[in-house]
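Report on the following structure.
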Amino acid sequence: MTLLGVDAGQKGGICVLRDGEVDQLWEMPLLDDRTLDSVSFFNQVSEHHPDKMIIEQCFKPISLLWMCGEITSLCKLIDCGIHIVSPNRWKKAILGQVTSDKAISITRCQELYPDVNLIPPRCRVPKDGLAEAVLLARYLYDQEKGCPTTP
């Protein structure tokens, strides 16, 4: 089963999880004006033929709502099932707590997938958007397998 975890936003990430293992991980493709590069997103994602995708429910700002809408529409074109989950739900399941502390997401991702590189080219520190994309995909994987993740 191929699952897609999407952390939307300008610092977001995309994770392809294949049979529970991270197959591909990349930063959100953006245009010069920091909006979603829809063509790149579609091309990158469609080549992996995901069965299902998960995206965190967005509330604000309007630019993030717009990006979430674009991503959802593109995934409908790819013909994969779309799951929208609240931040509270997936963070409680994966992190054991609801927090906005991004360092906790990075740490948990490194615990679950120690070989996954969360530091993109030209960067020096792990990116929380990549970590949260992995954790979202893992949350969906655990839900599909019927085995809740415990932190």
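Every number in this text was worked out from the coordinates using simple rules, so none of it is lab data. It should be emphasised that the depicted structure is a prediction, and the values quoted were computed from it without experimental measurement. Methodologically, a virtual Cβ is constructed for each residue, glycine included, from the backbone with ideal geometry; neighbour enumeration extends over all protein chains shown.
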Connecting C-alpha atoms closer than 10 Å in a GNM of the chain, tell me which of Gly81, Gly13, Gly129 has the biggest fluctuation.
Gly81
In whole Hz, what ³J(HN,Hα) sequence does the range 89-94 give by Karplus (6.51, -1.76, 1.60; θ = phi - 60°), x for Gly and Pro?
5, 6, 5, 4, 6, 8
Nearest 5 percent is fine: what portion of the DSSP beta bridges confined to the range 1-90 is antiparallel?
60
On the first, second and third principal axes, largest extent first, how far apart are the outermost C-alpha atoms of the range 96-151 in Å?
38, 22, 15
Exceeding 20 Å between C-alpha atoms, which entries from my cross-link table qualify? They are Lys91/Lys127; Lys102/Lys127; Lys11/Lys145; Lys11/Lys76; Lys76/Lys145.
Lys11/Lys145; Lys11/Lys76; Lys76/Lys145
Multiply the residue gap between Ser40 and Ile84 by 0.36 nm, knock off their C-alpha separation, and tell me the result in nm, one decimal place.
13.7 nm
Which of the peptides 132-142, 117-127 is most tightly packed, and how do the rest follow, going by the mean number of other Cβ atoms within 10 Å of each residue?
132-142, 117-127
Sparsely packed chymotrypsin sites (Phe, Trp or Tyr not before Pro) within the range 29-86, loop by DSSP, other Cβ within 10 Å at most 15
Phe59
Where no second cysteine Cβ lies under 4.7 Å, the cysteines concerned in the chain
Cys15, Cys75, Cys80, Cys109, Cys123, Cys147
Just the ratio, please: alpha-carbon radius of gyration of the range 2-145 over 2.2 N^0.38 Å, N its number of residues.
0.95
